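Here's the structure, in structure tokens; my notes come after.
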Amino acid sequence: MTVAQQERAIRTRRVILEAAAAIFDEHGYKSTTIAEVLARADVTKGALYFHFPSKGDLARGVLEAAVTTDGVRPQALKLQEVIDTMLLLAHRLPREPMLSAALRMALDLSARRQFGTAWPEWTELIAGMLGDAKGRGEVLPHVDVADAARMMVCAWTGVRVVSEALPEQPELSGEIALLLQLLLPAVAAPTVLPRLEVSAARAAHLYADMPAWRAEAAEAAAASGLVH
């Protein structure tokens with residue numbers, strides 16, 4: 001397969017996945033049909049089944065794609081990268097069906113029994129980042145990073161579920177910023193805490209910077225011979 005063919009295949013796979021995610025988000029996994037995905041993606045049945053042999057594979061693809069640190073730039077403080085990951089996810093989720101579909105399936109008991117959720121992967125990701133931060137002295141010595149990561153993911157998810165049901169429906173990134181402001185004193189070293197930036201404004205800035213981040217990532221991948 002040539003580089004051009006690989007790039008087309010990657011684009012086609014992404015188009016299919018985004019179409020499936022949008023429909024999962026609108027109607028739920030159970031009510032989504034392959035015919036709807038084909039129509040939304042505007043691809044042939046052969047192209048869809050080449051990448052995703054079943055609707056279940058589409059669901060698993062959406063869950064896998066939802067675990068991402070896209071848009072999070074390296075920071076002087078590793079703990080800031082944890083914050084940026086959680087803030088940016090909060091800003092992106094209401095705007096990107098791929099993310100909101102993954103959460104909807106995670107909250108759907110029947111879908112969860114079939115495919116699990118992305119929560120273990122998110123917990124592992126955050127735990128790894130916290131571990132790096134702890135190794136640099138940014139996290140309090142007594143903090144168990146696996147426990148802290150699990151509680152952060154649980155709390156993040158709970159804030160999303162409750163805030164969506166509130167009459168005023170507050171902006172999720174603002175609610176997650178508040179959550180982090182309350183949690184971080186139990187995690188961050190006292191000398192590090194004042195240096196951390198936690199706000200909905202930062203989430204919006206990170207989101208606005210994503211096109212530049214993606215362009216730089218694509219350029220770096222091309223320079224290293226990788227195809228994206």
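The values are calculated or read from the model by the stated rules, or taken from the named source; none is laboratory data. Just so it is clear, the model here is predicted, and its values are computed rather than measured. Cβ: placed from backbone, ideal geometry, glycine included. Neighbour counts: every protein chain shown. Keep in mind that these areas ignore ligands, DNA and RNA; they rest on the heavy atoms of the full protein, side chains included. Shrake-Rupley method; radii C 1.70, N 1.55, O 1.52, S 1.80 Å.
Taking 206, 130, 179 in turn, the Gaussian network model of the chain (Cα-Cα springs below 10 Å) assigns the largest fluctuation to 179. Taking the Cα centre of each part, how many Å lie between the range 159-178 and the range 25-80? The range 159-178 and the range 25-80 have Cα centres spaced 24 Å from each other. Under the criterion of Cα pairs below 8 Å and six or more residues apart, the relative contact order for the chain equals 23 percent.
Grouping the Cα pair distances of the chain into 10 Å bins from zero gives a pair-distance distribution of 7, 29, 33, 23, 7, 1 percent in increasing distance order.
Carbon-plus-sulfur accessible fraction, the range 156-216 (probe radius 1.4 Å, protein heavy atoms only): 62%.
Where a ≥ b ≥ c are the square roots of the eigenvalues of the C-alpha gyration tensor, would you call the range 26-141 rounded, which needs a/c under 1.5, or, failing that, prolate if a/b is larger than b/c, or oblate? The shape class here is prolate.
Is the C-alpha gyration tensor of the range 82-200 telling us rounded, prolate or oblate? Criteria: a/c under 1.5 is rounded; beyond that, a/b larger than b/c is prolate, otherwise oblate.
Numbers: a/c = 2.34, a/b = 1.45, b/c = 1.62.
In terms of gyration-tensor shape, oblate.
Taking a straight Cα-Cα cut-off under 12 Å and skipping sequence neighbours fewer than 8 places away in the same chain, the aspartates and glutamates within cross-link reach of residue 55 are 36.
Sequentially through the range 99-108, phi angles give Karplus couplings (6.51, -1.76, 1.60; θ = phi - 60°) of 7, 5, 5, 4, 5, 4, 5, 5, 8, 8 Hz, Gly and Pro residues having no value and appearing as x. Ordering 116, 68, 201 by Cα displacement along the dipole of the chain toward the positive end leaves 116 in first place; charges were set at the Cβ atoms of Lys, Arg (+1) and Asp, Glu (-1). Per residue, the chain exposes an accessible area of 51 Å² to a 1.4 Å probe, with every protein chain left in place. Candidates 126, 188, 142 compared by Cα position along the dipole of the chain: farthest toward the positive end lies 126, with charges placed on Cβ.
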